[in-house]
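A.B. asks: Got a structure here, written out as structure tokens. Questions coming.
The values are calculated or read from the model by the stated rules, or taken from the named source; none is laboratory data. Quick caveat, the model's predicted, so the values are computed rather than measured. Methodologically, a virtual Cβ is constructed for each residue, glycine included, from the backbone with ideal geometry; neighbour enumeration extends over all protein chains shown. What goes into the accessible areas is simple: the full protein's heavy atoms, side chains included, and nothing from ligands, DNA or RNA. Shrake-Rupley method; radii C 1.70, N 1.55, O 1.52, S 1.80 Å.
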Amino acid sequence: MKLEINGQPYEVESDGDTPLLWVIRDELGMTGTKYGCGLAQCGACSVMVDGEIVRSCVTPLDSVANRSITTIEAIQNDAIGRKVVAAWVQHQVPQCGYCQSGQVMAATALLKQNDKPTEDDIAAAMVNLCRCGTYNAIKAAVQDLSGQKV
Amino acid sequence: MNDIIRDLQVDNLQVDKDLPTGAPVNLSRRGLLVGSMGAAAGALVLGFGLPVRGARAQDAAKAVAPGTRVPAFLEIRPDNTARFLSPFVEGGQGVFTAMVQIVGEELDMDPKSFIVENAPTGSDYLVVFGKMRITGGSMSVRTSYDTMRKLGASARAMLLEAAATRLGVAADKLATEPGYVVHAASGQRIAYGDLAGDAMSLPVPAADSVTLRDPKQFRWIGKPVERLDVLDKSIGKAVYAIDLKVDGMLHAAVQHAPRLGMSVGAVRNEASVRAMKGVISVHHLPGAVAVVSERWWHAKRAVEALQVDWAEAGAKPVMDGIRVMPANFSTADFAERLANEPGDGKDAEKEGDAAAAFASAKTVVTATYHSQYLHHAQLEPPSTIARFNADGTLDVWMPNQAPEQFQADIAKRTGLDASKVNVHSPMLGGFFGRHFLYQAANPYPQAIQLAKETGRPVKVIWTREEEFLRDPMRPMAAVRFKGGLDANGMPVALEAISICEGPTEGIAGHNKDKLDETAVEGLTGKSYAIPNRRIAQIYVENPTMLAYWRSVGNSMNDFLYESFLDELADKGGKDPYELRMQLLKDNPRLSTLLKTVGEMSGGWKRGPFTAEDGTRRARGIAMASPFGSHTAAIAEVSIKAGEVVVHDVWEAIDPGSIVNPAIIEAQINSASALGVSQVLIEEAVYKNGMPVARNYDLYPILPPSRMPRVHARIIESGEKMGGIGEPGLPAVPPAVANAVSTLTGERVRRMPLSQYTFNS
Ligand code: FES
Ligand code: FES
């Protein structure tokens, strides 16, 4: 099956019902995208497909054939992604960091669609779990990026 | 917790029994470690001690007395960067950054110019009380602070010495600035990286001959230095155990017996599962089946397809050190049993004469409070890679908070000498107490067995479901409280009998002649001037496996105590904040803390009151003194659609003195999140011997929508340095519960609050 990830074409051999997460992590060896629950609960596995955020642990491979997938590995190739990362550093967001690939992807996808998200927009989009409780820092970083007063 | 952990674990460690207390040695002179650290040629490799392996075989070497010499390694590279091997593992608490703030301060090198890695196993790194190495108990910085300062100072002295020789001037004519030795008279400046080669051949100065920096001149200690790992963690570059890969590695997934203690009976469809795509082999393990494959997804799918007839536990345990889960175990029944367990318990703390005081008290209040089982629910599921090497050694990569403890256990299991077992400790995707050695709770025995049976390196990853099935839990307790009030409504006597099993006795075994402090901490150690007190424990063995959970006994006991204290205040007609003030009036440190948190919240107001948005709200107060630090928290709540909303948490912490205020603030946020999560929604429920929840769908953890604003303030009283990672948690659940009790008029006596129905 043909995939496009981070602007590169890939030919993968996994079956069509394999979750995209495991194709990315195991077959392609890109481990920035994380496994947390496998059940669309946590968001650690978030990637962008055609600019939309998806939870790759429940996304079958055949549903993304010939679509454009972006993982955290390419986040800094994206102008908005770079800004998000800079805000994450400025606000010192990550603690253990395990959820943060997904958080950065979610913030990037939000800001790509809506460069001035309101507090409600942010709350609706930034729903990934963080066991370390970095939620306030995440919110501050996204508000900062949206030009809102923090 | 500290002493108990020490007692518990020292036995398991490879502590050299015959450690001389010789002078520090310069390792690089003998060429040790350079190779193993991959140090650049000419780098200064300073170690106050030797690696555990081979140390005693080296004729010139004097072995290390843990805790008497600096158990860490520093490498200064030609490009003027430094590499530091940390005895403590990074799991989000910021310890890598804190370590190089301390070392860098004395070395005179900017923390930014360091990279930090976790140190390998070895007696050098047993820096906690000079005896052990764990990352836990909020002990890392406070137990190694002096040691790390001396390490940095010694390295600086050696660089000065090397520069003195090169420039032909006396060392005392030289000074340093970050990363450089400077000779003011001639204006010369030499980079540390240039001097490392020379400095390497010098003896390490005696630890007591180095001068430490005057704390008034600290540039990095005490400052909000940025964390070193933040960028990597924001771009997916941080590497956790689950991300690691070694050449030739196979993947494995497991299916555990539904109840611990059961073993594999018949596997009904093994042949057809073997024929599934990608399956290399099917294995029967103690209490589990495994499938090995080139791809983890294939292994997982196949192992879940296995139809196993699990055999009930027989007389011989399927694994050492486990508890057999009864088929009829239910947490609801067990909570009932705890509450009704007869007896008065064993004294944990006794002051005055509680019995007499109750007899003469104006009012006696009794109530039973409950805490619940909890999961760690760290976001990174457990995994382990095991690889047997041609030279007879075994490498194991696994998330862990205590490498030497696992090394010893693996040596015992495999029959290998500990020196042949290399335990690698990658970055942790959260830990909260999860990654200590708990029997049957970690995948490494499975990975080792599978590597042996397949002849290839194997990585085992547990699914979230298998993790929640084997995650050892924070204990549950029922506490019978009794309080006596005098005619003025002041508490004159307090008794708390906790019916529970402490985590330490749960892990290491119950000793009927000893008391497990971790069972009662937070009921004990309170500073309120209640003249007659009795705190006691009735031990009831749990059928479940127990564990440490962030802030250990305090995680539940401060909820139990501080909520009952509010109940006493109510009965005595006192405001709970004012009552605490009065009970602490002779304790300036805690009075200050209480005053501070009151001020932070804009002045204590209990409510109920109507907020600007029209919601009815109330505030609760609570205090805690865990892990050598002291905290006070105020929470503001409302009820929305029957659910508790926590709007704000104000928390003041006095850890004595500090290393990084930004990290502390982050930890207060993090601990508040876990505290709010615990009190609002978390509970691990068992029915029919099995956990009801196997994933986050049925075991919810705090989502962003329920996170309160957190306002933290640090008070540096100058007292002995306390912990940071855990102390922020214990005061939060009771502050929330007390606020809810005030708002609803209904006394909350058990967590989580999600089991109550509140009227909006
Ligand atoms: S791993 Fe995909 S949502 Fe948790
Ligand atoms: S930073 Fe640890 S789970 Fe989010």
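A.B. asks: Mind listing just one residue for me: the one in segment A:108-117 that is more than 16 Å from ligand 1 (Cβ to nearest atom) and assigned to a helix (DSSP H, G or I) and, of those, nearest to B:Ile242 (Cα to Cα)?
C.D. replies: My answer is A:Thr108.
A.B. asks: Every residue in segment B:707-758 that is of a type in the set (D, E, K, R) and within 24 Å of A:Cys130 (Cβ to Cβ), please.
C.D. replies: Within segment B:707-758, B:Arg709, B:Arg713, B:Glu726 qualify.
A.B. asks: Report every pair of residues separated by at least 6 positions or lying on different chains whose Cβ atoms are under 7 Å apart, first residue within segment A:81-98 and outside any loop (DSSP other than H, G, I, E, B), second modelled with pLDDT of 95 or more and surrounded by fewer than 21 Cβ atoms within 10 Å (Cβ to Cβ).
C.D. replies: Note: pairs meeting the criteria are A:Arg82/A:Gln76; A:Val85/A:Gln76; A:Ala87/A:Asp144; A:Val89/B:Leu231.
A.B. asks: I want to confirm something. Restricting to segment B:383-394 and keeping residues that are aliphatic (A, V, I, L, M) and open to solvent by less than 10 Å² (accessible area, probe 1.4 Å), which single residue is nearest to ligand 2 (Cβ to nearest atom)?
C.D. replies: The residue in question is B:Ile385.
A.B. asks: Tell me, which strands (runs of 3 or more DSSP E) lie completely within segment A:1-58 with 3 or more residues that are modelled with pLDDT of 95 or more, open to solvent by 10 Å² or more (accessible area, probe 1.4 Å) and within 16 Å of ligand 1 (Cβ to nearest atom)?
C.D. replies: So the answer is A:52-55.
A.B. asks: Please verify whether segment B:548-571 includes one or more residues that are assigned by TED's automatic domain parsing to the domain that holds B:Ala354, modelled with pLDDT of 95 or more, crowded, with 24+ Cβ neighbours inside 10 Å and under 18 Å from B:Arg709 (Cβ atoms).
C.D. replies: Checking segment B:548-571: not a single residue is assigned by TED's automatic domain parsing to the domain that holds B:Ala354, modelled with pLDDT of 95 or more, crowded, with 24+ Cβ neighbours inside 10 Å and under 18 Å from B:Arg709 (Cβ atoms).
A.B. asks: Here is a list: B:Ala367, B:Ala377, B:Ala361, B:Ala356. Which entry is within 16 Å of ligand 1 (Cβ to nearest atom), in contact (Cβ under 8 Å) with a residue 60 or more places away in the chain and either under 30 Å from B:Phe481 (Cβ atoms) or of a type in the set (Asp, Glu) (or both)?
C.D. replies: From the options B:Ala367, B:Ala377, B:Ala361, B:Ala356, the qualifying one is B:Ala377.
A.B. asks: Tell me, please, whether a residue that is hydroxyl-bearing (Ser, Thr, Tyr), away from ligand 2 (no atom under 14 Å from the Cβ) and open to solvent by 60 Å² or more (accessible area, probe 1.4 Å) can be found in segment A:111-130. Talk me through it step by step, then tell me what you get.
C.D. replies: Residues of segment A:111-130 hydroxyl-bearing (Ser, Thr, Tyr): A:118.
From what's left, away from ligand 2 (no atom under 14 Å from the Cβ): A:118.
If we keep only those that are open to solvent by 60 Å² or more (accessible area, probe 1.4 Å) too, we end up with A:118.
Among the residues of segment A:111-130, at least one is hydroxyl-bearing (Ser, Thr, Tyr), away from ligand 2 (no atom under 14 Å from the Cβ) and open to solvent by 60 Å² or more (accessible area, probe 1.4 Å), which makes the answer yes.
A.B. asks: Could I ask something else about it? For A:Val104, state whether it is of a type in the set (Val, Ile, Thr), surrounded by fewer than 24 Cβ atoms within 10 Å (Cβ to Cβ), within 26 Å of B:Val89 (Cα to Cα) and within 9 Å of chain B (Cβ to nearest Cβ).
C.D. replies: Spelling it out, it is not the case that A:Val104 is of a type in the set (Val, Ile, Thr), surrounded by fewer than 24 Cβ atoms within 10 Å (Cβ to Cβ), within 26 Å of B:Val89 (Cα to Cα) and within 9 Å of chain B (Cβ to nearest Cβ).
A.B. asks: Sticking with this one: Filtering segment A:60-75 down to residues that are within 16 Å of ligand 1 (Cβ to nearest atom) and open to solvent by less than 10 Å² (accessible area, probe 1.4 Å), which residue is nearest to the other protein chains (Cβ to nearest Cβ)?
C.D. replies: Ranking the candidates gives A:Ile72 first.
For (1) away from ligand 2 (no atom under 16 Å from the Cβ); (2) within 14 Å of chain A (Cβ to nearest Cβ); (3) free of Cβ contacts under 8 Å to residues at least 60 places away in the same chain; (4) not in a strand (DSSP E or B), each residue gets a yes or a no:
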residue	(1), (2), (3), (4)
B:Val396	yes, no, yes, no
B:Gln401	no, yes, no, yes
B:Gln449	yes, no, no, yes
B:Ala487	yes, no, no, yes
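A.B. asks: Looking for whichever is crowded, with 16+ Cβ neighbours inside 10 Å and modelled with pLDDT under 95 here; the options are B:Thr176, B:Thr147, B:Thr211. Which one fits?
C.D. replies: Unique residue meeting the criteria: B:Thr147.
A.B. asks: Related question: Can you tell me which residues in segment B:342-382 are within 14 Å of chain A (Cβ to nearest Cβ) and either assigned to a helix (DSSP H, G or I) or within 16 Å of ligand 2 (Cβ to nearest atom) (or both)?
C.D. replies: Correct list: B:His375, B:His376, B:Ala377, B:Gln378, B:Leu379, B:Glu380, B:Pro381, B:Pro382.
A.B. asks: Turning to a different aspect of this structure: Quick check: anything in segment B:649-665 in contact (Cβ under 8 Å) with a residue 12 or more places away in the chain, crowded, with 18+ Cβ neighbours inside 10 Å and facing another protein chain (nearest Cβ under 9 Å)?
C.D. replies: Yes; the residues of segment B:649-665 include at least one that is in contact (Cβ under 8 Å) with a residue 12 or more places away in the chain, crowded, with 18+ Cβ neighbours inside 10 Å and facing another protein chain (nearest Cβ under 9 Å).
A.B. asks: Run down B:Glu683, B:Glu665, B:Glu651 and say which single residue is among the charged types (D, E, K, R) and part of a helix (DSSP H, G or I).
C.D. replies: B:Glu665
A.B. asks: Please go through segment B:682-694 and give me each residue that is within 12 Å of another protein chain (Cβ to nearest Cβ) and either away from ligand 2 (no atom under 16 Å from the Cβ) or at pLDDT below 95 (or both), ordered by number.
C.D. replies: B:Ala693, B:Arg694
A.B. asks: Given the conditions (1) without any contact (Cβ under 8 Å) to a residue 40 or more places away in the chain; (2) within 16 Å of ligand 2 (Cβ to nearest atom); (3) at the interface with chain B (Cβ under 9 Å from one of its Cβ atoms), which single one is not true for A:Cys57?
C.D. replies: (3)
A.B. asks: Can you spot a residue in segment A:110-121 that is within 7 Å of chain B (Cβ to nearest Cβ) and modelled with pLDDT of 95 or more?
C.D. replies: There is no residue in segment A:110-121 that is within 7 Å of chain B (Cβ to nearest Cβ) and modelled with pLDDT of 95 or more.
A.B. asks: For segment B:417-447: of the residues being open to solvent by 10 Å² or more (accessible area, probe 1.4 Å), among the hydrophobic types (A, V, I, L, M, F, W, C) and more than 14 Å from chain A (Cβ to nearest Cβ), which is nearest to B:Gly287 (Cα to Cα)?
C.D. replies: Per the criteria, the residue is B:Ala440.
A.B. asks: Among the listed residues A:Ile80, A:Ile69, A:Ile75, identify the single one that is out of contact with any Asp or Glu (no Cβ under 7 Å at 6 or more places or on another chain), under 30 Å from A:Gly16 (Cα atoms) and away from ligand 2 (no atom under 16 Å from the Cβ).
C.D. replies: A:Ile75 is the lone residue from the list that is out of contact with any Asp or Glu (no Cβ under 7 Å at 6 or more places or on another chain), under 30 Å from A:Gly16 (Cα atoms) and away from ligand 2 (no atom under 16 Å from the Cβ).
A.B. asks: Examine segment B:531-547 for a residue that is farther than 30 Å from B:Pro700 by Cβ, part of a loop (DSSP other than H, G, I, E, B) and open to solvent by 10 Å² or more (accessible area, probe 1.4 Å), and state whether such a residue exists.
C.D. replies: The initial filter retains those residues of segment B:531-547 that are farther than 30 Å from B:Pro700 by Cβ, namely B:531-539.
With part of a loop (DSSP other than H, G, I, E, B) added as a condition, the list becomes B:531.
Right, trim to open to solvent by 10 Å² or more (accessible area, probe 1.4 Å) and you get B:531.
Yes, segment B:531-547 has at least one match.
A.B. asks: Does segment B:341-382 hold any residues that are surrounded by fewer than 20 Cβ atoms within 10 Å (Cβ to Cβ), in contact with a helix residue (DSSP H, G or I) (Cβ under 7 Å, 6 or more places away or on another chain) and more than 20 Å from B:Leu560 (Cβ to Cβ), and which are they?
C.D. replies: Result: B:Thr363, single match.
A.B. asks: A:Gly81 versus (1) away from ligand 1 (no atom under 16 Å from the Cβ); (2) more than 10 Å from chain B (Cβ to nearest Cβ); (3) within 19 Å of A:Val49 (Cα to Cα): which is the lone unmet condition?
C.D. replies: Here A:Gly81 meets the rest and fails (2).
A.B. asks: Now for a separate question. Taking the stated definitions as given, is A:Asp144 more than 7 Å from chain B (Cβ to nearest Cβ), touching a Ser or Thr at 6+ places or on another chain (Cβ under 6 Å), modelled with pLDDT of 95 or more and more than 15 Å from ligand 1 (Cβ to nearest atom)?
C.D. replies: no
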